[in-house]
Amino acid sequence: MSRAVSGSLRLAGRLALARGGLKLARALGFPVRERGYQVWYDTISELSELLFSDFHCMNYGYAPAPESAGPERHQLGLYDYLALQAPLRDKRVLEVGSGRGGGAAHVLHAHGARAVTGLDLSERAVEASRARFDGAGLRFVPGHAAALPFGDSSFDVLINVESSHCYPDVAAFLAEARRVLVAEGVLLLADFRHREEVGDLEAQVAQSGFKVGYQRDITPHVVAALEADDARKRNLIDSGSAIPDFLRRPIYHFAGCKGSPMYEDFRSGRRVYLAFALAAGQGRAAAS
Ligand SMILES: C[S@@+](CC[C@H](N)C(=O)[O-])C[C@H]1O[C@@H](n2cnc3c(N)ncnc32)[C@H](O)[C@@H]1O
């Protein structure tokens, strides 16, 4: 049996067990949301190492994006779009939810940040990022968005791309973000919510003490990216012949492929993708 097939079977077994365990835990009333995301992103990272070589970003992307930026141009384009709201040159940047590290590396190399730290809950994703990108000016650490392992005022810019929807306590993340930023610091956040949850996110931001410098609904740009990137993503998924069938549908959905519930949610406006630039301001200690 090939390494990819045996690896996939092992993952499929683990995921099935995790699914069963999560159902039981939910039925018993345990807080399982966070553990579920950790298992999911660990699995995605492990599967990616077995099956794909060119997969360093995990967001839905932003269009238009210049062709010269390579196959993951739309995913990197989301970072470029956020960087328009706050200069990154010579800044100390923290990315919370750095995934497989492609965005953090892009911020260092294409935007001239002084140093970039990527933090992620998934240890597999951190390992993959270290294996691919660790080097001068770039480091990856495991950690939790609600308990950042950094001192006060350690960073100039905090980037958070498509990660906050996973957090059980967004207010705790915002308090931590404000604590680790300098007073002139900026939080650049891009993420989606179901339309009826947008008000909750806006209230969490308003209560955090951050000042909203910029807020946009970028859903049309994300839908355009999903459409422009559809063939590449389908090819990647379909070429993973060792992916067990029961995993294909959730992966199409996770990837936002055309026709998936995720894509339809964005297209119909049931899910909204927002971008924010938030200024930390003075009085961070009092706020947290
Ligand atoms: C959709 S991926 C986005 C990754 C990356 N920002 C990108 O655009 O490629 C979301 C990431 O958030 C991470 N994550 C989820 N919950 C987290 C938490 N509580 N603390 C830190 N990272 C978390 C996941 O492990 C995953 O790598």
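The values are calculated or read from the model by the stated rules, or taken from the named source; none is laboratory data. Computed from a prediction, not measured in an experiment: that's the story for all the values here. Here the Cβ positions follow ideal geometry from the backbone for every residue, glycine too, while neighbour counts run over all protein chains shown.
Going through region 191-208 one residue at a time, which ones are of a type in the set (A, V, I, L, M, F, W, C) and surrounded by 14 or more Cβ atoms within 10 Å (Cβ to Cβ)?
Taking region 191-208 as the starting set, the residues that turn out to be of a type in the set (A, V, I, L, M, F, W, C) are 192, 198, 201, 203, 205-206.
Result: PHE192, VAL198, LEU201, VAL205.
Inside region 222-287, counting only helices (runs of 4 or more DSSP H) that do not spill past its ends, which hold 2 or more residues that are at pLDDT 85 or above?
Of the helices (runs of 4 or more DSSP H) lying wholly inside region 222-287, those with at least 2 residues that are at pLDDT 85 or above span 230-239, 245-255, 261-268.
Show the residue pairs that are 6+ apart or on different chains and have beta-carbon atoms under 8 Å apart, the first residue being within region 168-185 and under 13 Å from ASP152 (Cα atoms) and of a type in the set (D, E, K, R), the second being surrounded by fewer than 21 Cβ atoms within 10 Å (Cβ to Cβ) and at pLDDT below 95.
From region 168-185, the pairs are GLU176/SER288; ARG178/ALA287; ARG178/SER288; ARG179/ALA285; ARG179/SER288.
What number of residues within region 63-116 are small (Gly, Ala, Ser) and more than 25 Å from ALA279 (Cβ to Cβ)?
Here is the first cut: in region 63-116, the ones small (Gly, Ala, Ser) are 63, 65, 68-70, 77, 83, 86, 97-99, 101-105, 110, 112-113, 115.
Right, trim to more than 25 Å from ALA279 (Cβ to Cβ) and you get 63, 65, 68-70, 99, 101-102, 105.
So the count comes out to 9.
Return yes when LEU188 is in a strand (DSSP E or B) and within 11 Å of the ligand (Cβ to nearest atom) and no when it is not. Lay out the reasoning, then the answer.
Values: in a strand (DSSP E or B): yes; within 11 Å of the ligand (Cβ to nearest atom): no.
No; evaluated as a whole, the condition is false for this residue.
Taking the condition part of a helix (DSSP H, G or I), under 23 Å from PHE173 (Cα atoms) and touching a strand residue (DSSP E or B) at 6+ places or on another chain (Cβ under 9 Å), does TYR79 pass?
Yes: the conditions hold for TYR79.
So which pairs qualify, if the first residue must be in region 109-133 and more than 16 Å from HIS56 (Cα to Cα) and in contact (Cβ under 8 Å) with a residue 60 or more places away in the chain, the second must be among the hydroxyl-bearing types (Ser, Thr, Tyr) and assigned to a strand (DSSP E or B), the Cβ gap must be under 8 Å, and the two must be at least 6 apart or on different chains?
Listed pairs, sorted by first residue: none to list.
(1) farther than 18 Å from GLU227 by Cβ; (2) more than 11 Å from the ligand (Cβ to nearest atom); (3) at pLDDT 65 or above: which one isn't true of PHE30, the others all being true?
Single failed check for PHE30: (3).
Select from region 156-184 the residues that are touching a Leu at 6+ places or on another chain (Cβ under 7 Å) and either more than 15 Å from the ligand (Cβ to nearest atom) or at pLDDT below 95 (or both) and list them in ascending order.
LEU181, the sole residue that qualifies.
Taking region 65-106 as the region of interest, how many residues are in contact with a Phe, Trp or Tyr (Cβ under 6 Å, 6 or more places away or on another chain) and of a type in the set (A, V, I, L, M)?
Of the residues in that region, 3 qualify.
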